[in-house]
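Bear in mind these aren't lab numbers, they're just calculated from the coordinates by the rules spelled out. The structure displayed is predicted, hence computed values, not measured ones. Glycine gets a Cβ as well: all are built from the backbone with ideal geometry, and neighbour counts include every protein chain shown.
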Amino acid sequence: MLGEIIMKEQLLKMREDVISSVAACDSMRELEDIRIQYLGKKGAITAVLKQMGTLSAEERPVMGQYANQIRSEIEDALTQAGETLGAKESEARIEAEWLDVTLPGKKKPIGRKHPLTIVTDEIKEIFLGMGFSVAEGPEIETDYYNFEALNIPEGHPARDIQDTFYIDSKTALRSSTSPVQIRTMTKTKPPLRIIAPGRVYRSDAVDATHSPLFHQIEGLVVDKGVTMADLKGTLEIFAKRLWGENSKVRFRPHYFPFTEPSAEMDIMCFSCEGKGCRLCKNEGFIEVLGAGMVHPDVLSRCGVDPDIYSGFAFGVGLERITMRKYGISDIRYFYENDLRFLRQF
Ligand code: DAH
């Protein structure tokens, strides 16, 4: 009798304990701990039921039934709390993982091409399309490649110490990309079709249109039967691709030591269409490059037989073209790395 009362009280207390701990519980894990504590194999209910042996034969079934009822009440309480907590937890998770896809993204500043690179790439693309490949040469050149091989002997005005940065009497910073012609012809047998973009150096005083470092793109074609007509045709196509189908060019006779005959190519002023205006200094045309038929002496110096082969060459100043293309008024903007300038391209 006494045992029965004690057990009942234990069970009732247990139910109350479960109800209050479930109420205080705020996670599924804690809830599971409570379940194990009371309903588990080594749990509190089992412990109480173990005392059944102390009861009389009549009391046992009554107590068994009672214990089962408490057990199922406890189970119900746990299940119900589980549902509520589960819903709460998944709501919290959804809330935590919520992402506002309408927020503007974080912009990472992306670098861009320098205007000189943009125009170099454009010109490369045009000539690659005509079967040229890209050649390179060193910026520190020997006297031979920079001058002598190009028919510029000692004492020639183009060698003027004021124009060229000498490193020693036989070495200088190349003053044009023309030495790449010599290197290419010496190294590779014709037929040749190359362009050579790169930096060149001249000891000029800096102003809005002069810089001691600037860029040229050299071109060279050597093959059997190359004529001035090929030169004109190729450069005309180049001009039309770069400045548009409607652009017009003209060739003027000129002098370069390494070409014969030599010419300069002008493009008709975009602004006045040849009439003359401020942009073209009333000329109607703007000079864009130097060109000519490779001098026979230059060919033979490079091991190319001028009786079999002929060729044409040209040299374009990159800064001038780029300045005109974008309306840039001062060459110094190219080298100052001012982001306000660079971000415009
Ligand atoms: N080398 C010349 C200069 O720097 C440009 C030039 C003119 C290059 C005529 C050539 C050419 O290849 O044929 O002013």
Margin query: Can you tell me how many residues within the range 286-298 are among the hydrophobic types (A, V, I, L, M, F, W, C) and surrounded by fewer than 20 Cβ atoms within 10 Å (Cβ to Cβ)?
Written below: 1
Next item on the list: Check the range 46-64 and report whether any residue there is touching a Ser or Thr at 6+ places or on another chain (Cβ under 7 Å) and either closer than 21 Å to Leu318 by Cα or in contact (Cβ under 8 Å) with a residue 12 or more places away in the chain (or both).
Entry: no
Notebook entry, point to check: Can you name every residue in the range 320-345 that is within 19 Å of Thr177 (Cβ to Cβ) and either of a type in the set (Val, Ile, Thr) or within 16 Å of the ligand (Cβ to nearest atom) (or both)?
Noted result: Arg320, Ile321, Thr322, Ile331
Item checked: Output for the range 11-35, where each listed residue is in a helix (DSSP H, G or I), within 60 Å of the chain's Cα centre (by Cα) and within 15 Å of Ala77 (Cα to Cα) -> Val22, Ala23, Ala24, Met28, Glu30, Leu31, Glu32, Asp33, Ile34, Arg35
Item checked: Hits in the range 164-191 - residues which are away from the ligand (no atom under 13 Å from the Cβ) and over 25 Å from Ser211 (Cβ atoms) -> Ser169, Lys170, Thr186, Lys187, Thr188, Lys189, Pro190, Pro191
Check: So which residues in the range 224-249 are touching a residue at least 24 places away in the same chain (Cβ under 8 Å), surrounded by 14 or more Cβ atoms within 10 Å (Cβ to Cβ) and not β-branched (Val, Ile, Thr), if there are any at all?
Finding: Met228, Asp230, Leu231, Leu235, Phe238, Ala239, Arg241, Leu242, Trp243, Lys248
Next item on the list: With respect to Arg241, determine if the residue is away from the ligand (no atom under 16 Å from the Cβ) and either among the aliphatic types (A, V, I, L, M) or at negative phi (or both).
Entry: yes
Next item on the list: Under 7 Å between Cβ atoms, at least 6 apart or on separate chains: pull out the pairs that start in the range 170-183 with a residue that is farther than 17 Å from Phe314 by Cβ and end on any residue that is away from the ligand (no atom under 11 Å from the Cβ) and of a type in the set (S, T, N, Q).
Entry: Lys170/Thr142; Thr171/Thr142; Ala172/Thr164
Item checked: Selection from the range 291-319 of residues that are of a type in the set (Ser, Thr, Tyr) and either within 14 Å of the ligand (Cβ to nearest atom) or in a loop (DSSP other than H, G, I, E, B) (or both) -> Tyr309, Ser310
Checklist line | Pairs, first touching a residue at least 60 places away in the same chain (Cβ under 8 Å) and closer than 23 Å to Thr164 by Cβ in the range 188-208, second away from the ligand (no atom under 11 Å from the Cβ) and small (Gly, Ala, Ser), C-beta under 6 Å, six or more apart | finding: Ala196/Ala135
Margin query: Consider the range 217-264. How many of its residues are out of contact with any Asp or Glu (no Cβ under 8 Å at 6 or more places or on another chain), not in a strand (DSSP E or B) and not small (Gly, Ala, Ser)?
Written below: 20
Check: Taking interchain pairs and intrachain pairs at least six residues apart, which have beta carbon atoms under 6 angstrom, with the first residue in the range 266-295 and closer than 16 Å to Glu218 by Cα and the second part of a loop (DSSP other than H, G, I, E, B) and within 16 Å of the ligand (Cβ to nearest atom)?
Finding: His295/Asn151; His295/Phe258
